[in-house]
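Working notes, beginning with the structure itself.
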Amino acid sequence: MPAVLNKPFVPCSDPPTPTIGRHDMSVQLPDPVLDKAPSNEEMLQAYLDGAARLISVARKAGEDRADVIVPASPAWSVRNVVAHLTSVAHISVNRLGWGDDVQATIDREVAARADHTIEEITAEWENLLEPLAQMFAGQPSGPLVVDVVTHEHDVRAALGAEYVDHTAGLE
């Protein structure tokens, strides 16, 4: 049986920095996540690229496939998912705010586009991309990227094998 030390644990408030003589040996180690993190400009470009890909997919699917249910968002069709992403851009560019109930705001915006064609919704989104890019220039836009890439893959999966691209937006 191993011996047990009966010394009380005394936490050290500040561990000493190792030094040799007068030279500080503390080293700033690279952060494997932050050192590889994309810049704000790269994130914004990833959003714009994702938007362009999803606009293209939605237009290719056309009105015939616009009401296909997206299993990852079971209350929404392809049209609704694209309307959601368009509404995020619309709310942001026009500085409308999300209100106290974000989901209610999203639902209202999606419903407002329910009778619009895919072409109308994608044209609206396309027209918002430049002002959105100007608004987010140099600013963090990670949530936009996550939203567009996630929904891009949701829509691709819902539309079937000819639309699947497992690497889109994940480079």
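Where a number appears in this text, it was derived from the coordinates with a stated rule and is not lab data. Just so we're clear, the structure is a prediction, and the values are computed from it rather than from any experiment. A quick note on method: Cβ atoms are made from the backbone with ideal geometry, for glycine too, and the neighbour counts reach across all protein chains shown.
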Practice task
Can you tell me the equivalent ellipsoid semi-axes for the range 53-100? Use √(5λ) from the Cα gyration tensor, largest first, whole Å.
Solution key: 23, 14, 7
Exercise for the section: Mind giving me the FRET efficiency for Asp101 and Ala161? R0 is 45 Å, r the Cβ-Cβ distance, nearest 0.05 is fine. Expected result: 0.75
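How far, in nm, would the chain grow between Thr150 and Asn94 when pulled straight, counting 0.36 nm per residue and subtracting the alpha carbon separation?
17.8 nm
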Practice task
Which order do the peptides 107-120, 139-152 take when ranked by the mean count of other beta-carbon atoms within 10 Å per residue, highest first?
Solution key: 139-152, 107-120
Fill in the blank from the handout: Non-local residues with an amide H under 5 Å from the amide H of Val70, with H modelled 1.01 Å from N and Pro and chain starts lacking one, are Trp76, Ser77, Val78
Handout entry: Hydrodynamic radius of the range 62-171 per Kirkwood, over alpha carbon pairs, in Å
Key = 14.6
